[in-house]
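The values are calculated or read from the model by the stated rules, or taken from the named source; none is laboratory data. Here the structure is a predicted model, which means the values were calculated and not measured. No Cβ is skipped: glycine too gets one built from the backbone with ideal geometry, and neighbour counts run over all protein chains shown. The protein model used for the area step is the full one, side chains on, heavy atoms only, and it has no ligands, DNA or RNA in it. Shrake-Rupley method; radii C 1.70, N 1.55, O 1.52, S 1.80 Å.
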Amino acid sequence: MGDNAVIVAEKLTRRFDGRTAVEALDLEVRRGEVLGLLGPNGAGKTTTVRMLTALIAPSSGTATVCGFRLGEADDEIRRHVGILTEIPGLYERLSVQFNLELYARLYGIPEREVGARVERYLRLLGLWERRRDPAGTLSKGMKQKLAIARAMLHEPEVLFLDEPTASLDPEGAQLVHAFIEQLRGEGRTIVLCTHNLAEADRLCDRIAVLKQRLIRVDAPERLRQALYGRAIRVQLRQVRPEYLEAVRALPFVRDVQLQGQELQVRLDDPEGMNPALVRRLVELGAEIQFIREEEHSLEEVYLDLVRQGEAER
Amino acid sequence: MNWMRVRAIVWKEWADAFRNRLVFFTLVFMPLLFTILPLVNLYFMGRLPTEEVDANDLGPFLLYQARFHLGDPQDVIRVGMASIYLIIFLILPLMLPMVMATDSIVSEKVSKSLEPLLATPIRVTELLVGKGLAAAGPAVAVTWLCYVLYAGLAGLVTSQAVVRVLWSVDWLLGIGLLSPLMAMLAVGIGILVSSRVNDTRTAQQIGGFVVLPLMLIFIPMFLGRLALTATVFVVGAFLLALLDGVVWFFAVALFQRETILTRWK
């Protein structure tokens, strides 16, 4: 276990009536990072979150969360983590303020601090003016913000967000994204389950792709590099066969393909080697119109990793 | 057991329930109705001409004559009728918590509010005690209050002999002992039923159907085989406590974090 790890799961497994939801999951979440948990429906993301928040017990394996071992100090784990469930689960007949006050008391916040703490989070999330309204009268985005406030109220070390922007309109999603970025800026550890890959790409320091088993975990950029390497695209006014041969002969080029008017060149260090590549092409009389780095969306990375995971099973 | 957390749950339950019209009207109007109707009945019974009552008409109520030393045959009939209303007062602590408990649990299931609640450090026993107290407490209090009101106002509409029976140790013991036990039974059954259905009214109907057999124990009373005396109440309380134990054993087994999140439908 690294000194910086706030969650360490070892061979965490959960079975339901013979069906394996999560299998031998080894995962480390570092303090202050935003870790994205990606995976198709039924991949075990929610089950993983439920195990790591001590809501359900693993069938085998174990985990340490905030220094407390699952099954031995579950109450302590619950005290140190916050969870935003996929559905906010608010008490819709009760006021916004009452919803938070209840949780403040359940988390053991001293009675004299309850009011101030609730006010702080309601103001932070722009809900103070609506504090007396029944939670059921809020818009979906506001309900989600209230649920985030509820998860944050006891200032947990780790925040689990399960599909925080599912069913939100773009404006609501943007509000939630902004708040997550703010939390990230404060150095809060966040585990984010999402199907929204653009959201994961934007918010997460690392991505864990899960399909019952952990397929891969790394920073989005490193996942891209690991899967595809780095490549540049050079668009030429006119392509001649000798250009292709000359580029292929360069020692730092791993591969080159011709795609229409473009050369797709794979190389490890574009920043260092691009000048030599461009120089060589110009020497041969090539007219370069554009040069850009090839980009792969996280969606491509994710789909390839899931396929890879299926093939390895 | 952290009583601060239990108290927080109780307050939440009450705040939520009293914003629900069905629960509110059930808690207020049903007890009122159950208090007024017996009084009206006793009032009109007091208007029966004495000569119309024959000793042969006393039938099943004869048991009360000896037990409470009642001389006037009309008093015997009045006490007999009052004993039937006593049963109504024992139905109150069954119905009211059933409505509250099923509404509380089913609405938590439907709104998915149990998962975030269970993610807090609250223990399931605290949650269960909080929900149980919130549902059973008002029901027992309302039952006792209604009975006191009924027995207190009875003097205005019926004979002193009947009032004496209403305030007798036997019947006070019955109301005092059986109401909490009935309420606990209703909450336990409410939890069991609510774990399987997703609609409050269905839960209440099934719950009502489950407690219906309990009413069978009153048949011997109507047939004149059983008078509601202290002995009957104590034995009844003992049996009810056993039944409560069985029902709560299953309710507690069902009310576990893991079960709620993975097994409740």
Next on the checklist: I'm checking my understanding of the structure. Among residues of segment A:91-142 that are hydroxyl-bearing (Ser, Thr, Tyr) and at pLDDT 90 or above, which one is nearest to B:Met1 (Cα to Cα)?
Outcome noted: A:Tyr107
Next on the checklist: It is to be established whether one or more residues within segment B:120-129 are part of a helix (DSSP H, G or I) and away from every other protein chain (no Cβ under 13 Å).
Outcome noted: yes
Checklist entry - Is it the case that some residue within segment A:204-218 is farther than 18 Å from A:Arg307 by Cβ and assigned to a strand (DSSP E or B)? => result yes
Next on the checklist: I want to confirm something. Restricting to segment B:220-262 and keeping residues that are open to solvent by 30 Å² or more (accessible area, probe 1.4 Å) and at pLDDT below 75, which single residue is nearest to the other protein chains (Cβ to nearest Cβ)?
Outcome noted: B:Phe222
Next on the checklist: With the structure loaded, tell me whether A:Thr48 is away from chain B (no Cβ under 12 Å), within 21 Å of B:Lys112 (Cβ to Cβ) and touching a strand residue (DSSP E or B) at 6+ places or on another chain (Cβ under 7 Å) or whether it fails that test.
Outcome noted: yes
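Conditions tested, residue by residue: (1) open to solvent by less than 60 Å² (accessible area, probe 1.4 Å); (2) in contact with a strand residue (DSSP E or B) (Cβ under 9 Å, 6 or more places away or on another chain); (3) in contact (Cβ under 8 Å) with a residue 24 or more places away in the chain.
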{"residue": "A:Val256", "(1), (2), (3)": "yes, yes, no"}
{"residue": "A:Leu267", "(1), (2), (3)": "yes, yes, yes"}
{"residue": "A:Arg292", "(1), (2), (3)": "no, yes, yes"}
{"residue": "A:Glu310", "(1), (2), (3)": "no, yes, yes"}
Checklist outcome for this item: A:Gly229 fails exactly one of (1) small (Gly, Ala, Ser); (2) modelled with pLDDT of 85 or more; (3) open to solvent by less than 40 Å² (accessible area, probe 1.4 Å), namely (2)
Item to check | Filtered residue count, segment A:2-23, keeping only those that are at positive phi and modelled with pLDDT under 90 | outcome: 2
Checklist entry - Going by the conditions given, is B:Val110 within 14 Å of chain A (Cβ to nearest Cβ) and open to solvent by 30 Å² or more (accessible area, probe 1.4 Å)? => result yes
Checklist entry - Considering segment A:79-110 alone, what residues qualify as being more than 8 Å from chain B (Cβ to nearest Cβ) and without any contact (Cβ under 8 Å) to a residue 24 or more places away in the chain? => result A:Glu101, A:Pro110
Checklist entry - Taking the stated definitions as given, is B:Leu192 open to solvent by 10 Å² or more (accessible area, probe 1.4 Å) and out of contact with any Asp or Glu (no Cβ under 9 Å at 6 or more places or on another chain)? => result yes
Next on the checklist: Anything in segment B:164-186 that is among the aliphatic types (A, V, I, L, M) and crowded, with 20+ Cβ neighbours inside 10 Å? List them, or say none.
Outcome noted: B:Val165, B:Leu166, B:Ile175, B:Leu178, B:Leu181, B:Met182, B:Ala183, B:Met184, B:Leu185, B:Ala186
Next on the checklist: Condition first: in a loop (DSSP other than H, G, I, E, B) and open to solvent by 30 Å² or more (accessible area, probe 1.4 Å). Now tell me which residues in segment B:63-86 satisfy that.
Outcome noted: B:His69, B:Gly71, B:Asp72
Next on the checklist: Taking the criterion of being open to solvent by 30 Å² or more (accessible area, probe 1.4 Å), at pLDDT 80 or above and farther than 30 Å from A:Pro110 by Cα, would at least one residue in segment B:89-99 satisfy it?
Outcome noted: yes
Next on the checklist: So, A:Arg188, is that one open to solvent by 40 Å² or more (accessible area, probe 1.4 Å), in the same structural domain as A:Gly42 (by TED's automatic domain parsing) and touching a strand residue (DSSP E or B) at 6+ places or on another chain (Cβ under 9 Å) or not?
Outcome noted: yes
Checklist entry - If you take the residues in segment A:111-129 that are aliphatic (A, V, I, L, M) and surrounded by 15 or more Cβ atoms within 10 Å (Cβ to Cβ), which one is nearest to the other protein chains (Cβ to nearest Cβ)? => result A:Val114
Checklist entry - Restricting attention to segment A:51-76, and to residues there that are among the aliphatic types (A, V, I, L, M) and more than 9 Å from chain B (Cβ to nearest Cβ), which single residue is nearest to A:Gly18 (Cα to Cα)? => result A:Met51
Checklist entry - Taking into account only those residues within segment B:14-32 that are within 10 Å of chain A (Cβ to nearest Cβ) and under 16 Å from B:Glu108 (Cβ atoms), which is most open to solvent (accessible area, probe 1.4 Å)? => result B:Arg19
Checklist entry - Quick one: would you say B:Leu216 is open to solvent by 70 Å² or more (accessible area, probe 1.4 Å) and out of contact with any Lys or Arg (no Cβ under 6 Å at 6 or more places or on another chain)? => result yes
Checklist entry - So A:Gly172 clears everything in (1) more than 11 Å from chain B (Cβ to nearest Cβ); (2) over 26 Å from B:Glu13 (Cα atoms); (3) crowded, with 20+ Cβ neighbours inside 10 Å except one condition, right? Which one? => result (3)
Item to check | Residue check, A:Ala21 of a type in the set (A, V, I, L, M, F, W, C), buried (at least 20 other Cβ atoms within 10 Å of the Cβ) and over 27 Å from A:Gly108 (Cα atoms) | outcome: yes
